[in-house]
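K.L.:
This structure is in structure tokens; I'll ask about it shortly.
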Amino acid sequence: MLLVKTIDELREQLKPLARQGKKIGLVPTMGALHNGHGALIKASAAECDVTVVSVFLNPIQFGKNEDLGKYPVRLEADVKLAESMGADYVFAPSVAEMYPDGSPMTTVRDEKLEEMYCGAYRPGHFRGVLTVVSKLFNISGADVAYFGEKDYQQVFMIEKMVRDLNFDIKIVRVPIVREESGLALSSRNEYLSSDEKYKALGIHEGLKKAKIAYSSGERGVAKLRDLVLKSILGNRGIVQYVEIVDRRTLQRCNGLLPDDIPVTILVAAFFGKTRLIDNIEL
Ligand code: AMP
């Protein structure tokens with residue numbers, strides 16, 4: 001396993017492999033790796049000849065008052081975890097390497113989706129995500145890239161970007177990895193006190209209640225959303241949004257859900273100062 005810090009070196013490493021016809025898998029991350037990232041790396045290692053894990057805390061996807069300054073950084077442990085899951089390269093560039101001119105003027109946006117759901121509360125976030133992911137696709141020349149369904153809007157927007165801009169790369173979705181308790185693994189879980197962590201289980205519990213209600217025939221969007229809201233509020237969480245969306249378009253559903261529409265509930269909520277997201281397919 002090789003740790004690479006510059007774009008030139010990564011290209012020097014990967015280009016000959018691509019020429020030999022090796023299939024290159026890319027797993028973009030912001031570091032502080034856990035088993036959720038591990039599942040992505042394993043999936044790539046199983047399906048590709050070469051697996052590259054990028055570890056880059058991307059400043060342009062954080063808002064001014066967000067947690068960029070306190071986001072956990074631990075490259076050495078990340079390299080070990082990546083290697084143990086089957087990575088061949090960890091690409092960990094500096095901010096100056098990725099953005100030599102400061103914040104880039106050339107960016108990638110989805111003007112509609114960037115304002116919805118998480119985007120409504122995190123202006124500029126998805127523009128930062130789509131821009132860095134495009135750069136990583138171009139730098140690595142990967143054939144396949146792996147993204148987690150925990151960041152549901154993110155993977156949807158990346159798939160759409162790949163179609164809209166004809167990137168020659170396949171996107172693979174990996175299901176959410178959870179703790180035994182049901183809490184979705186996240187680098188941000190480290191911010192939670194043990195009490196907050198316990199209360200944060202209210203998110204997944206609420207989502208499960210809504211799924212059970214849906215399976216039993218409930219089709220009212222307000223009723224299904226209410227089950228999630230109550231479970232979060234009952235655990236002293238502060239809800240940012242709970243929305244039921246059409247999985248094919250990510251458009252918001254209202255009223256009564258027709259049976260032939262595949263739907264997912266998306267949630268963002270605060271426990272203490274920590275913002276968590278989760279989702280469940282109905
Ligand atoms: P991050 O480092 O938080 O930007 O995440 C990097 C990638 O790991 C993204 O594609 C995430 O969706 C994915 N990921 C993070 N947590 C999980 C999880 N609990 N289960 C599955 N994928 C995850």
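The values are calculated or read from the model by the stated rules, or taken from the named source; none is laboratory data. The structure presented is a predicted model; accordingly, all values stated were derived computationally and were not measured. Positions of Cβ are generated from backbone atoms using ideal geometry, with glycine treated the same way; all protein chains shown enter the neighbour counts.
K.L.:
Of all residues in the range 99-143 being surrounded by fewer than 18 Cβ atoms within 10 Å (Cβ to Cβ) and polar (S, T, N, Q), which is farthest from residue 167 (Cα to Cα)?
P.N.:
Of everything passing the filter in the range 99-143, 103 is farthest from residue 167 (Cα to Cα).
K.L.:
Another one. Given the residues 119, 86, 25, 38, which is the only one that is touching an Asp or Glu at 6+ places or on another chain (Cβ under 8 Å) and within 16 Å of the ligand (Cβ to nearest atom)? If you could, list the steps in order and put the result at the bottom.
P.N.:
Values: 119 fails: touching an Asp or Glu at 6+ places or on another chain (Cβ under 8 Å); 86 fails: touching an Asp or Glu at 6+ places or on another chain (Cβ under 8 Å); 38 fails: touching an Asp or Glu at 6+ places or on another chain (Cβ under 8 Å).
After ruling out the rest, the residue left standing is 25.
K.L.:
Only one of 169, 176 is surrounded by 16 or more Cβ atoms within 10 Å (Cβ to Cβ), at pLDDT 95 or above and either among the aromatic types (Phe, Trp, Tyr) or more than 13 Å from the ligand (Cβ to nearest atom) (or both). Can you tell me which?
P.N.:
Sole residue among the options that is surrounded by 16 or more Cβ atoms within 10 Å (Cβ to Cβ), at pLDDT 95 or above and either among the aromatic types (Phe, Trp, Tyr) or more than 13 Å from the ligand (Cβ to nearest atom) (or both): 169.
K.L.:
Still on this model: Confirm whether residue 279 is within 30 Å of residue 194 (Cβ to Cβ) and in contact (Cβ under 8 Å) with a residue 12 or more places away in the chain.
P.N.:
Yes; evaluated as a whole, the condition is true for this residue.
K.L.:
Can you go through 243, 218, 205, 190 and tell me which one is crowded, with 16+ Cβ neighbours inside 10 Å and assigned to a helix (DSSP H, G or I)? Step through it out loud before you land on a result.
P.N.:
Values: 243 fails: assigned to a helix (DSSP H, G or I); 218 fails: assigned to a helix (DSSP H, G or I); 190 fails: crowded, with 16+ Cβ neighbours inside 10 Å.
Matching residue, one of 243, 218, 205, 190: 205.
K.L.:
Looking at (1) closer than 25 Å to residue 36 by Cα; (2) not in a loop (DSSP other than H, G, I, E, B), which is the one condition that is false for residue 120?
P.N.:
(1)
K.L.:
Ok, one more. Quick test of your reading of the structure: residue 153 fulfils all but one of (1) within 13 Å of the ligand (Cβ to nearest atom); (2) free of Cβ contacts under 8 Å to residues at least 40 places away in the same chain; (3) assigned by TED's automatic domain parsing to the domain that holds residue 22. Name the failing condition by number.
P.N.:
(2)
K.L.:
Sticking with this one: Just the residues that are in a helix (DSSP H, G or I) and of a type in the set (Lys, Arg), please, taken from the range 53-84.
P.N.:
Answer for the range 53-84, where residues must be in a helix (DSSP H, G or I) and of a type in the set (Lys, Arg): 70, 80.
K.L.:
What's the total number of residues in the range 123-150 that are within 16 Å of the ligand (Cβ to nearest atom) and either assigned to a helix (DSSP H, G or I) or among the polar types (S, T, N, Q) (or both)?
P.N.:
Of the residues in the range 123-150, 14 are within 16 Å of the ligand (Cβ to nearest atom) and either assigned to a helix (DSSP H, G or I) or among the polar types (S, T, N, Q) (or both).
K.L.:
Quick test of your reading of the structure: residue 94 fulfils all but one of (1) without any contact (Cβ under 8 Å) to a residue 60 or more places away in the chain; (2) of a type in the set (S, T, N, Q); (3) farther than 19 Å from residue 188 by Cα; (4) surrounded by fewer than 17 Cβ atoms within 10 Å (Cβ to Cβ). Name the failing condition by number.
P.N.:
Unmet for residue 94, out of (1) without any contact (Cβ under 8 Å) to a residue 60 or more places away in the chain; (2) of a type in the set (S, T, N, Q); (3) farther than 19 Å from residue 188 by Cα; (4) surrounded by fewer than 17 Cβ atoms within 10 Å (Cβ to Cβ): (1).
K.L.:
When the residues of the range 221-238 are filtered to those that are surrounded by fewer than 17 Cβ atoms within 10 Å (Cβ to Cβ) and of a type in the set (Lys, Arg), which remaining residue is nearest to residue 281 (Cα to Cα)?
P.N.:
So the residue we want is 223.
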